[in-house]
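Working notes, beginning with the structure itself.
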């Protein structure tokens, strides 16, 4: 319970202290570079194969009942609203989140964090806030790119394997780009980026006990991030549905 | 200047410090001896407010630091410098950037002024040539000296804290480091910066300190070098003899 309280405090105080001087622009840029371009290739690969797999299963099933013209619609809806943000966030937690945790855990165990505190520098401001900002900027960007690549992957399977009409596929994708779908797909990565960074930083800063402590911190960070992503995905999905469907 | 009153620290069910009482003046040269896991490093971290005791009070210059927030603790920490075990250098930064860390954080100094300050500190510790090297390229002894330079760059300390500074060093490097530590706290007893060194090496302690404490879960011994050598306490006797022989 106390750890949950500390995690909550870190999540609340980090964005607040980030707004006060001094600003650590260099650290923010470093974190954006690590989280964004550094994750680009894995995001493309994951997104491409998710789009292809989704299109494969959907086309196969719809073809058997004569509704294969809806492949684009189902792929677009699934990728933009659910699978794209969640899958890319899971990959982000595995690559960027675990990296944040292991770096901070190593600094904690080797007393580098203590040195920073002794120098009177705020660890939350200097180390945590730039990681949160880097994540909430880069994860949405990666998600937009990933969604696009997944849709292209779906197109290849639908058109070249199941011989569906390309223009029909794209027209159905266009139909899926509605305000509701756009907002649903855009809000989630912000929330995921924030929670992954907060959990990863907290686990890193609370690590103790040498190599075993580092391993435990990293494992906990990834596991809790995955659980948090899935839970938040459901909660946000429900809330956004209520907002849009009641409007 | 430093006072511990009935300080208790436990990690889970393991009580590390049990009703510890301890006083240290500003200009004293103190060695805290003790085996592994006895809470020596914890004592230093308590002095700096990096950990809070589970019970008891800690006073620095009469101010109870156990109730201070992280922001207020910054003023207290300015009175100390610390060199952690293994140096705790920032491994992604060069020697120059490590030593210049505080200057960059707080000062609005020119690059030339920073370089000049860093060079002067490194020269004082006889490692000026390492200025552009990375920590991983340095020997253990050099890393500790860079850590000392970095701690001196942050403030003019009233008391310098050393956490097992000679661990992992060969005897020659350890002696050299001890002589540097000694020199940094030299001067008239009423003016020199004090020092607290925690170590399990009595030989190193004997070079730098004038007052010796033996830590179990409380201070089991407190005295000068002659009293230490003449101690009848079987555990301390064994501990001291073994280390002198080693």
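Tabulated data for the structure shown
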{"item": "Any hit, region A:32-52, residues being part of a helix (DSSP H, G or I), surrounded by 14 or more Cβ atoms within 10 Å (Cβ to Cβ) and within 14 Å of another protein chain (Cβ to nearest Cβ)", "result": "yes"}
{"item": "Lone qualifier among A:14, A:60, A:47 - being within 22 Å of the chain's Cα centre (by Cα) and closer than 21 Å to residue A:173 by Cα", "result": "A:47"}
{"item": "Flag for residue A:93 being surrounded by 24 or more Cβ atoms within 10 Å (Cβ to Cβ), more than 22 Å from residue A:227 (Cα to Cα) and in contact (Cβ under 8 Å) with a residue 40 or more places away in the chain", "result": "no"}
{"item": "Number of the condition not met by residue B:131 [criteria: (1) outside the structural domain of residue B:198 (by TED's automatic domain parsing); (2) in contact with a helix residue (DSSP H, G or I) (Cβ under 7 Å, 6 or more places away or on another chain); (3) closer than 29 Å to residue B:200 by Cβ]", "result": "(3)"}
{"item": "Wholly within region B:74-148, helices (runs of 4 or more DSSP H) carrying at least 3 residues that are modelled with pLDDT of 90 or more, crowded, with 17+ Cβ neighbours inside 10 Å and more than 10 Å from chain A (Cβ to nearest Cβ)", "result": "B:95-99, B:111-124"}
{"item": "Those residues of region A:149-178 which are free of Cβ contacts under 8 Å to residues at least 40 places away in the same chain and either over 28 Å from residue A:40 (Cβ atoms) or part of a helix (DSSP H, G or I) (or both), in sequence order", "result": "A:159, A:160, A:163, A:166, A:167, A:174"}
{"item": "Any hit, region A:194-214, residues being in contact with a strand residue (DSSP E or B) (Cβ under 9 Å, 6 or more places away or on another chain) and surrounded by fewer than 21 Cβ atoms within 10 Å (Cβ to Cβ)", "result": "yes"}
{"item": "Identity of the residue in region B:149-166, assigned to a loop (DSSP other than H, G, I, E, B) and farther than 12 Å from residue B:86 by Cβ, that ends up nearest to the other protein chains (Cβ to nearest Cβ)", "result": "B:155"}
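The values are calculated or read from the model by the stated rules, or taken from the named source; none is laboratory data. From a predicted model like this one, the values you see are computed outputs, not experimental measurements. No Cβ is skipped: glycine too gets one built from the backbone with ideal geometry, and neighbour counts run over all protein chains shown.
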